[in-house]
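Written out below as C-alpha cells is the structure these notes cover.
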Amino acid sequence: MAPIHKMRGTKILYLLSNVYLPMSYQSTTIANIIQDVNYDYLIPAIQREFVWDESQILDLFDSVLRGYPIGSFLFWRVSGEYAENRVKYKFVKNYIEDPIHPEELNEVTYHNIRYMDEFESPPNRINLVLDGQQRLTSFYIGLKGSYTMKQPNKRRDRLDSWDRKQLYLNILSPTNKEKNGRKYQFEFKKPEPGHSSGEYWYRVGDVLQVNDFAEEVERVIDDIKGIDEINDEMARGVVSKNISHLYRGICESEVISYFQESEEDQDKVLDIFIRANEGGTQLKKSDILLSIATAHWTEDDHREGIVAREEIQQLVDKLNKHTARGTIEFDSNFVLRALMVNGDVSNISFTLANFNRSTLSKMKETWVDPEFKKSLYRTLDLINSYGFSTSHIRSKMILFPIIYYFYSNGNPHLSYNSKIGKENRQKILYWICSMVTTGDLNTGGTTQTIMGVRKVIKQAPNQEFPLEDIEDALNKYNKSMGFDRENIERWFADGSNSKRVLRVIHSLLYFPDVADENYSYEIDHIIPRSKLDREYLVNEINMEISEADELERLRDSPANLQLIRKGENRGKSDKLLNEWLPTRSEEYLDKHLIPKDEALYSLKSAKQFLEHRQEMIVQELLSQAPNRENVTSAPVKHPQ
C-alpha cells in the first residue's frame, strides 16, 4: 500500500518556500495534539466539513503504524481579539455518516458544532487548521470518539438501523501479511467485541492511557490467559509487536509535522487554504466557492455577519428531508448554483475567476431575500405533486429554470384549478420530462444553456413559463426538447432503465393529465409480469425457451407499461389481455395507446402486441412539441 497523502507534504513545502514567507516548522506526536483538539486546535469557517469515509480512517492509522509519512499540517496561529472574532468550529468527535438520522441519536454529529467563545474558556492563542482537518478529525474519532454507521439496506429513520462503533486493533493479527491493502487489522466495532483464537480486539483509544507499553503487554497477556481459545504463550510475540507499534506510532513518534502562519490577513490565509487543499481528498469547486463566500460574507464581527458554510448547510439538510428528495441528495453545490441563477449572476460556472466580489455580493443579496428559500421549496413541492423525486430528475440542472421562474415571479401558487396555474403546471411538466428523456442537460455547455433559458424566463410576461421560447433558446445551444426515433428506441432497448425513469417517459405519453395535482398515478403492467415469466410461458403455454426468454426480457419494457390512477388496477389483477381488454372502451384503448386488433391479445402473440404498441408510442412521442395543441386547450381526460 502506498503512503497516504505522499505528495501533500512536498506540495506544502513548495507552497510555503516559493510563494509565501517562511513559516515556523515543528513536529509533535499524535497523542499530544489530540489532547488539545477543540481547545487549542479549532476549525476556521472557511474549512469544509469532514468528508472522509471509514476506509480512509483505517488507511490513515495503518500508515502511522507502518511508519509511512502522513503529510504536513498547516495551522493559522491567531490570538487575542482577532482570534475571538473568528468564526470557529469544533472537530467532530462522535461522527455519524449521514445527516439524516433519528433524533434519539443526539450524542453524535455529522456537522461541526460552532465554537462559542462566550461559553468556552479558550486560550489567548489558538491554532485554526488550514490543512489537515480530515486527518486530525480521523485521529480524534479513532482515539477519543466513535463512528456511527447505518446497517446495509436498513431505513435511516429507524433507531435500530444504526450501530455506534469505536476503533479497535486486532493485536493477534500477524504484521507480516496484508489484508485489504493494510498490514494492521483496524476495524470499527461495537464496544466490547468478542475474542477468538485469531482475534483479540484492543480499543485503540486505550493506548493514550499507557505509560509503558511493556506493562501494557503484560496486562493484555494476563487477560488472554482467561480466554480458552487463545494460547497466551504463542500470542505473546504478536501481541507485543502490535501494541509496541501502536504505542510508538501514537505516543512516541513525532509524526505530526506542521507549519504555522501567524499573519492576521484573511485574504492571504484564504489563498493559502485553497492552494494547500489541492492535494488529498480534493476540494470540489463548490467547496472552494463556499469557503470564499464564507470568508467574504462573514465580516470581522461574526455576531453580525452571515456564516455561509453554516447557514447553507442547514438549508441543505432541510432540503434533503423534503419528500421530493430521492436517491440523489441535495448539496451545497445545488444551493450555491441556485443563488447564482436567482441572483442574475452573469456567469454561473464554477470557475475561480468567477468567484469575485461582484458575484459574491449578488449571491449574498439573494440569500438574505426570504423569497429565495421559498423558490426552492415551491419547486420541490411542484415536482413532488407530479409524483417525481430527485431519483426521477437525475440532473438537478433541470430544476434551476423552474426555481428561477418561481423566484422571478414572486413564487406564485400553481393550482390546476386556475387557468394560469393549469397552463404553467403543464408546461413545466413537459420541460422536466423532455429534459430527462433527451438527456440534453447531462452534456457539455449546460451552464450556458441554463443562462440562455434564464434570459427567456426573465423576459416572459408575468407568471408565464415560456415553453415555446425556451425551445427556441435551446436550439441555439444545439439542444432540444423534441425527440428522434433513435433516441426513443434506445429507451426500449436499454434494459437498465429503472421504473423511476420509465415513470417520467410515461408522463409524456399521458401529458398533460398527470400535471393535475388532484390525482396520483402509478405504473402498471399491461400484460401481467407473472404471465411473462419464463417458467410460466414454458410450462403453461408450451412456448419455446428462446421465445420465453425474450418475452421475459420485455416484460418491463415501456411497451408493456401504462400509467393509471392509483388503485385502478384492482379489477384487472393478473388477467390476460384477451380477458380484460375487450371489456375496455375505445377511449381507454386510445388513451393508453393499446392496439385494437384483438388477434394480438393472446399470450402467444405477446411479442407482436408489444412491437405494435412500441411503434404507437414512438409515433406519439415524435408528434409531441412544446406548442402541441392540447397543452392548454383540450379538455382534461383522466386515464380510465
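Inter-label distance, Q448 to Q314: 4.0 nm, where each label sits 7 Å from its Cα along the C-beta direction. Residue by residue, region 211-225 carries 3J(HN,Hα) couplings of 9, 9, 5, 5, 5, 5, 4, 5, 5, 5, 4, 4, 5, 5, 4 Hz when phi is fed to the Karplus relation 6.51 cos²θ - 1.76 cosθ + 1.60 (θ = phi - 60°); x denotes Gly or Pro. Under 16 Å Cα-Cα from K150, which lysines qualify once same-chain neighbours fewer than 8 residues away are excluded? Partners found: K165, K189, K190. Once the Cβ-Cβ distance of E550 and E104 is raised to the sixth power relative to R0 = 51 Å, the FRET efficiency obtained is 0.50. Of the Cα atoms belonging to region 181-221, the radius of gyration and Dmax stand at 11.6, 31 Å.
Annotation: amide H of K88 within the under-5 Å range of Y115, sequence separation 5 or more or interchain, hydrogens built in the peptide plane.
Across all Cα pairs in the chain, the calculated P(r) in 10 Å bins from zero up to the longest distance comes to 3, 13, 19, 19, 17, 14, 10, 4, 1 percent per bin. Helical runs assigned H by DSSP (4 residues or longer) give the chain a calculated mean residue ellipticity at 222 nm of -13000 deg cm²/dmol, each run adding -39500 (n - 2.57) before division by the residue total.
Restricting to Cα atoms and excluding each atom paired with itself, what does the Kirkwood estimate give for region 120-249 in Å? Across region 120-249, the inverse of the average 1/r is 16.9 Å.
Considering only T109, A308, I250, and ranking their Cα positions along the charge dipole of the chain that arises from unit charges at the beta-carbon of Lys, Arg, Asp and Glu, the one farthest toward the positive end is A308.
For region 125-231, applying the loop criterion from DSSP together with a ceiling of 15 other beta carbons within 10 Å to the trypsin sites (Lys or Arg not before Pro) yields K154, R155, R156, R158, K177, K225. With an a/c value of 1.5 or above and a/b not larger than b/c for the gyration tensor axes a ≥ b ≥ c computed over the alpha-carbon atoms, region 50-121 is described as oblate. Pairs of Lys residues in region 407-506, spaced 8 or more positions apart or belonging to different chains, with C-alpha separations under 27 angstrom: 17 in total.
Per residue, the solvent-accessible area of the chain (1.4 Å probe, heavy atoms of protein chains only, all protein chains present) comes to 44 Å².
Size check on region 306-449: the Cα extents along the three principal axes, sorted descending, read 43, 33, 27 Å.
Carbon-plus-sulfur accessible fraction, the chain (probe radius 1.4 Å, protein heavy atoms only): 43%. What does the C-alpha gyration tensor say about the overall shape of region 381-466? Classify as rounded when a/c is under 1.5, otherwise prolate if a/b is larger than b/c, or oblate. Since a/c reaches 1.5 but b/c is at least a/b, the shape of region 381-466 is classed as oblate.
For the chain, give the share of DSSP beta bridges that are antiparallel, in percent and rounded to the nearest 5; count only bridges with both residues there. Don't skip to the end; give the middle numbers.
Numbers: 33 of 45 bridges.
Taking every DSSP beta bridge within the chain, about 75 percent pair in antiparallel fashion.
Counting only residues at least eight positions apart within a chain, or on another chain, the aspartates and glutamates with an alpha carbon under 12 Å from that of K90 are D36, D40, E49, D117, E120.
Residues in region 397-404 carry Karplus couplings, in order, of 4, 4, 7, 4, x, 5, 4, 5 Hz; the curve used is 6.51 cos²θ - 1.76 cosθ + 1.60 with θ = phi - 60°, and Gly or Pro positions show x.
Given q = 0.28, 0.31 Å⁻¹, what are the Debye log10 I(q)/I(0) values for region 498-555, with equal point scatterers placed on the Cα positions and solvent ignored? Computed log10 I(q)/I(0) values: -1.08, -1.21. Under conditions of 37 °C and 0.692 mPa s, region 362-422 yields 265 µm² s⁻¹ as its translational diffusion coefficient, taking Rh as the Kirkwood radius over Cα pairs in the Stokes-Einstein equation.
Taking every alpha-carbon pair in region 11-156 and binning the separations at 10 Å intervals from zero gives 10, 36, 35, 16, 3, 0 percent.
The values are calculated or read from the model by the stated rules, or taken from the named source; none is laboratory data. For clarity, every value in this text was computed on a predicted model and none was experimentally measured. No Cβ is skipped: glycine too gets one built from the backbone with ideal geometry, and neighbour counts run over all protein chains shown. Only protein heavy atoms, including side chains, enter the accessible area calculation; ligands, DNA and RNA are left aside. Shrake-Rupley method; radii C 1.70, N 1.55, O 1.52, S 1.80 Å.
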